Structure formats: structure tokens, C-alpha cells
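Right, one structure below, let's go through it.
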Amino acid sequence: MFQRLARARDVTVMERTRVVGLEMQGSGMLVETDQAPGYGDGGVRRCIRARRVVVTAGPWAGPLLQKLTGFELQLTPISTTVAYWRMSRAAFEAGDYQAPKFPVFINYGDDEEAVMN
């Protein structure tokens with residue numbers, strides 16, 4: 001869903017693309033990958049200029065960005081479970097799926113530390 005929305009706004013999404021260099025240049029970024037269009041073996045490097053870059057490396061984002069840019073980010077990965085419910089328009093408009101009718105549960109620690117809104 002998010003990729004479809006991004007592409008609809010002229011965002012280039014490059015899945016499964018290994019970044020080998022990331023450098024700030026002026027008001028944007030220079031991204032160097034090991035994949036060029038038309039080269040299946042990844043042996044040719046490609047440089048891309050971008051105004052913004054979104055890194056989706058998960059828990060490896062901090063060490064990756066430090067290696068590529070020199071910036072040290074203090075990131076703490078956490079594991080979360082997300083669930084979605086489909087609702088009818090009538091239930092949405094009535095507010096049936098909003099607090100306090102439909103509680104939101106957050107637990108970032110021991111069970112005794114659970115928070116309910």
C-alpha cells in the first residue's frame with residue numbers, strides 16, 4: 001500500500017537494492033548502488049541523486065548509516081505486533097473504533113507495564 005502511494009507521487013522505489021555509498025551533496029543525497037538497469041549480476045554501479053532518501057534497513061539502519069555517512073545514530077530496535085481491523089463506513093463514522101469504545105494497547109516492556117488508552 002505505501003509503495004503504491006509513493007509511486008503515485010513520482011517516488012522511485014528500489015526494492016532489494018544494495019546501497020554501497022551514501023553521501024550528502026548540497027541539499028540532497030548521492031546514493032551509490034551495486035545495481036544498474038539491465039545488469040542482472042549487479043557488477044555495474046549506479047549513482048542516483050535524490051532530494052530525500054528513506055532507508056528501510058530495519059535494525060541494521062544505525063550501523064549501516066554510520067558506515068555509509070559517518071553519522072552515529074542511537075537507535076534501539078524493538079519488536080512490535082501490529083493488527084488491523086476492517087470496518088464498515090457506518091462504524092467508522094459512528095466512532096465505534098476509536099478510544100474509549102475501542103481500546104488501544106501498547107506494551108513496550110514487562111506485562112505489568114502495559115498501557116491502555
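So the values come out like this:
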| item | result |
| --- | --- |
| Residue count for the range 19-40, restricted to those that are at pLDDT below 80 and within 24 Å of Lys67 (Cα to Cα) | 3 |
| Residue satisfying all of: in the range 1-14; in a loop (DSSP other than H, G, I, E, B) and farther than 14 Å from Val31 by Cβ; most open to solvent (accessible area, probe 1.4 Å) among these | Arg9 |
| Test: Ala61 is farther than 24 Å from Phe2 by Cα, open to solvent by less than 100 Å² (accessible area, probe 1.4 Å) and out of contact with any Lys or Arg (no Cβ under 9 Å at 6 or more places or on another chain) | no |
| Subset of the range 72-117 that is charged (D, E, K, R), more than 30 Å from Leu22 (Cα to Cα) and surrounded by 10 or more Cβ atoms within 10 Å (Cβ to Cβ) - its residue that is modelled with the lowest pLDDT | Lys101 |
| The one condition in (1) part of a loop (DSSP other than H, G, I, E, B); (2) at pLDDT 80 or above that Gly43 fails to fulfil | (2) |
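The values are calculated or read from the model by the stated rules, or taken from the named source; none is laboratory data. Note that the structure is a prediction, hence the values are computed from the model and not measured. In this analysis, Cβ positions are derived from the backbone assuming ideal geometry, glycine residues included, and neighbour counts consider all displayed protein chains. To get the accessible areas, we keep the full protein, side chains included, count just its heavy atoms, and leave off ligands, DNA and RNA. Shrake-Rupley method; radii C 1.70, N 1.55, O 1.52, S 1.80 Å.
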